[in-house]
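These notes are about the structure you will find just below.
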Amino acid sequence: MDKPADDDRQLVKRIGAGDRQALSELYARYQRLLFNYLLQLTPDYGLAEELLQDTLVAVWKSACSFEGRSSVQTWLIGVARRQAHNTLRQHKISLVNESELEGLAAVGPELEDSTLASIARDELVEAFKQLGAVHREVLVLTLVQELSYEETAAALNVPVGTVKSRLSNAKRLLRALLVTREGAGR
Amino acid sequence: MTLQVPQSQNHVADLLPAYINGTMDYPTSERVHAHLLHCGACQIELSSWEAVRDAAQFTAAVTPLPSANVLNAVWAKIDASPWRVSIQQWFLKHALHLWLVFKRQIPLIYKSVWIGSALVIFAGCSLVLFSILQLHNHPRDAEATLALIATVTSAAGIAFIYGRDNDAGLEITLSTPTSIRIVMFCRLLLVLGYDFALSAFASIVVALAHGGSLWEIFQMWLGPMLLLSSITLTLSLLIGSWFAVMAALVLESLQELPLYVERQAPLLQFANPSTWQTSPTVLFLAVLFIIFAVFYAPRQPRLSN
């Protein structure tokens with residue numbers, strides 16, 4: 001996962017200068033990461049692949065304006081997210097599940113008295129897949145791609161406080177989904 | 001069941017995702033670590049977050065890779081995308097679009113603007129020639145008359161180039177992707193250009209008739225024509241076409257009267273007659289009015305409504 005940041009920046013600089021080999025190298029490094037991220041925003045494999053193509057085209061076009069203020073990984077996620085939003089808006093697909101958010105509105109900050117560690121991983125994975133895109137993406141960015149809160153906030157274009165609250169909400173929703181599944185199983 | 005976090009309690013629940021992904025700075029990480037040693041609630045939170053992380057990482061690990069032809073598709077999109085079109089092609093494409101917009105305004109402008117302007121300038125030119133050749137009037141006075149006719153004719157034509165009263169197809173024009181400002185600017189250029197050509201032709205005829213300086217005749221009407229036309233356009237957009245025509249007549253009369261009635265009506269004079277000619281100030285004011293009319297006025301409801 002760790003790659004020399006300077007090396008990434010050099011690649012982007014070369015892409016900005018029109019070096020196709022550099023884009024191929026950058027893609028080889030980040031294809032899994034980007035594709036996994038895009039699949040959090042849409043379960044449609046074909047659409048996710050189309051978004052990945054659009055992301056790379058946008059990277060090719062805008063690489064010369066990359067100033068290096070954020071890491072290349074954060075920048076790539078930001079570009080992918082923007083492409084996804086534009087396309088999903090055309091498909092009238094919302095990233096925010098309103099009903100999920102309504103369920104959370106009345107609940108204050110809380111700690112749980114039982115750990116999710118006691119839940120079987122397969123059940124957790126299934127519950128994770130049922131989360132809305134907005135919650136899955138913040139979990140993937142922080143826990144899988146290991147971005148800091150600041151980097152996640154930059155990629156999502158939201159304040160750091162929103163990242164924290166989305167993370168907290170995501171975990172509470174996971175628990176709520178597990179409780180629902182458990183209740184349905186009885 | 002859940003445990004509500006006491007307001008005064010320094011729990012570290014919101015820091016735990018950053019703690020387990022290793023992106024926290026060292027002092028904060030140490031603080032979280034120290035807190036976890038004695039806080040059972042946060043230890044449960046930590047183990048929950050670790051379980052969520054494992055589930056998320058497992059999901060990512062089993063995510064299929066994109067197909068092998070993604071890059072080929074990307075190159076195809078890049079090679080086909082319009083941004084690769086050269087600047088020259090881009091310029092030509094937009095120039096052609098502007099030319100088509102420009103050309104298609106001709107049938108949309110009232111025919112009376114074209115015919116009326118030509119007749120008035122022709123009549124004015126004949127009158128001026130008659131006064132010079134037959135009545136032996138001072139050529140300067142005759143040229144001033146020509147300038148007055150050219151200026152008022154242009155201003156009157158400009159007053160009828162835009163608006164619901166003058167363009168039955170305005171709503172259709174507004175619904176097209178072409179900006180109404182471009183449409184209006186094209187019409188302004190068309191009518192101004194037409195009046196300029198007519199006035200230039202009349203000036204050449206007058207200059208040839210009495211051997212005067214063509215440039216001096218041009219100077220008498222060029223600046224005033226631009227300024228008065230731009231004022232008329234603005235007034236026609238804000239108030240109405242006929243009001244704009246009347247205002248143009250009044251304004252032009254106030255400028256021209258002192259030439260004939262020297263020092264008889266100095267209080268009515270808007271500007272010194274010598275400044276009511278082609279000067280940088282007049283041209284600058286004309287450009288200001290045109291910018292206002294083109295960029296601002298189409299957004300405004302008419303005051304007369």
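Would you please calculate the Kirkwood hydrodynamic radius of region B:13-61 over all C-alpha pairs and express it in Å, rounded to one decimal? Don't skip to the answer; put the middle values down first.
Details: mean 1/r = 0.0889 Å⁻¹.
Hydrodynamic radius (Kirkwood, Cα only) of region B:13-61 equals 11.2 Å.
Tell me the label-point distance for the pair residue B:96, residue B:72, using the 7 Å Cα-to-Cβ offset, in nm and rounded to one decimal.
About 3.2 nm separates the two model spin labels.
At R0 = 45 Å, how high is the FRET efficiency between residue A:86 and residue B:213 if r is their beta carbon distance? Nearest 0.05 is fine.
On the way: r = 62 Å, r/R0 = 1.38.
Result of the calculation: an efficiency of 0.15.
Starting from the 7 Å offset along Cα-to-Cβ, what nm value, one decimal, do you get for the label separation of residue B:130 and residue A:121?
10.5 nm
Given a Förster distance of 25 Å, report the FRET efficiency between residue B:279 and residue B:115 from their Cβ-Cβ distance, rounded to the nearest 0.05.
Values: r = 32 Å, r/R0 = 1.28.
The pair residue B:279/residue B:115 has a calculated efficiency of 0.20.
Every number in this text was worked out from the coordinates using simple rules, so none of it is lab data. Owing to the predicted nature of the structure, the values given are computational and were not obtained by experimental measurement. Reconstructed Cβ throughout: ideal geometry from the backbone, glycine too, with neighbour counts over all protein chains shown.
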